[in-house]
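One structure below.
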Amino acid sequence: MILIADSGSTKTDWALIDGTNVLKKVNTQGINPFHQDEDNIMRVLQDELLPVLHTVKIDKIFFYGSGCTPQKSEKVKRALQTVFSDVMNIEVNGDLLAAARAVCGHQKGIACILGTGANSCCYDGEKIVMNTPPLGYILGDEGSGAVLGKLFLNGIFKGFLSEEIKEEFLNDSKLTYAEIINRVYAQPLANRFLASIAKFIAKHIDRQELRELVEENFRNFFRRNIIQYKSYLQIHEIRVGFVGGIAGSFVDILSKVAREEGYEMGEVISSPIDGLISYHGA
């Protein structure tokens, strides 16, 4: 039996598989070693996961999560080893490898995350071989929800987007200019607030000016990130796959921009867990 986890800061998707058979799917609260200590992670495992698994014998655990850098992943691994003391094979990796294995499987490819943040890599069918640093939503993260939110707010307050769109957004969100500035510069998790604006944009995506804004965001992603893999793409003639809510919400625009920029689209999925089930169950 294999236990697979795909974790973000908000929630963790778990799947228990036996070969290609999915025996159980479970959701628990998120696990992120940047924000949680080892005891907190163990409490999540003991209180929310173990009661659902009962006494199932697990042979391997593959945990993928945001914040699971080489420096932080040991914290998650120790917690898993403590709770699942009889499991000898436990592997902890970052969310970018999860995206790569989910959309590329065992094939070479370019894998991208377009959610609240953004990231990308070259993948050789097993591991990441090249990564353009995303730099976060202040310095980079082109293509992400947070940057899309930045472009939108810039547009409505500097007059690049119509007054009609501005009024609709302010009425819909019940926010004022002052409150928006406060949310971005004085409150925690500004990136999540900015990314939340994508829901309004998706709702009104029939407006040409908003389609162009989304296009601009995606175009910048390709031109500042994916272009760094140009030599790898030319050698291997591979496709570009995507994971994340922003990719899933605007897949038609993403496909259009990818084609215009000269890239062949691979899979686009909102969540990696089903792709990881296929990868590890093969």
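The values are calculated or read from the model by the stated rules, or taken from the named source; none is laboratory data. Note that the coordinates shown come from a computational prediction; the quantities given were computed from them, not determined experimentally. Note: ideal-geometry Cβ built from the backbone for every residue, glycine included; neighbour counts use all protein chains shown.
Computed values, structure above
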quantity: Number of the condition not met by residue 127 [criteria: (1) within 15 Å of the chain's Cα centre (by Cα); (2) modelled with pLDDT under 95; (3) among the charged types (D, E, K, R)]; calculated: (1)
quantity: Long-range neighbours under 8 Å by Cβ, at least six apart or interchain, first residue farther than 13 Å from residue 103 by Cβ within region 255-282, second assigned to a helix (DSSP H, G or I) and among the β-branched types (Val, Ile, Thr); calculated: 261/226; 263/226
quantity: Residue check for residue 118: modelled with pLDDT of 95 or more, crowded, with 18+ Cβ neighbours inside 10 Å, small (Gly, Ala, Ser) and within 29 Å of residue 145 (Cβ to Cβ); calculated: no
quantity: Subset of region 1-26 [surrounded by fewer than 18 Cβ atoms within 10 Å (Cβ to Cβ), part of a strand (DSSP E or B) and touching a helix residue (DSSP H, G or I) at 6+ places or on another chain (Cβ under 9 Å)]; calculated: 18, 21, 22, 24, 25, 26
quantity: Those residues of region 73-98 which are part of a helix (DSSP H, G or I) and under 11 Å from residue 127 (Cα atoms), in sequence order; calculated: 96, 97, 98
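The rows are residues; the columns are (1) over 19 Å from residue 103 (Cβ atoms); (2) acidic (Asp, Glu); (3) in contact with a strand residue (DSSP E or B) (Cβ under 6 Å, 6 or more places away or on another chain).
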site: 196; (1), (2), (3): yes, no, no
site: 203; (1), (2), (3): yes, no, no
site: 206; (1), (2), (3): yes, yes, no
site: 209; (1), (2), (3): yes, yes, no
site: 213; (1), (2), (3): yes, no, no
site: 219; (1), (2), (3): yes, no, no
site: 242; (1), (2), (3): no, no, yes
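Listed here are the residues, each with its yes/no results for (1) over 15 Å from residue 147 (Cβ atoms); (2) at pLDDT below 95; (3) in contact with a Pro (Cβ under 7 Å, 6 or more places away or on another chain); (4) not assigned by the TED database to the domain that holds residue 148.
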{"site": "194", "(1), (2), (3), (4)": "no, no, no, no"}
{"site": "197", "(1), (2), (3), (4)": "no, no, no, no"}
{"site": "201", "(1), (2), (3), (4)": "no, no, no, no"}
{"site": "209", "(1), (2), (3), (4)": "yes, no, no, no"}
{"site": "215", "(1), (2), (3), (4)": "no, no, no, no"}
{"site": "218", "(1), (2), (3), (4)": "no, no, no, no"}
{"site": "221", "(1), (2), (3), (4)": "no, no, no, no"}
{"site": "225", "(1), (2), (3), (4)": "no, no, no, no"}
{"site": "231", "(1), (2), (3), (4)": "yes, yes, no, no"}
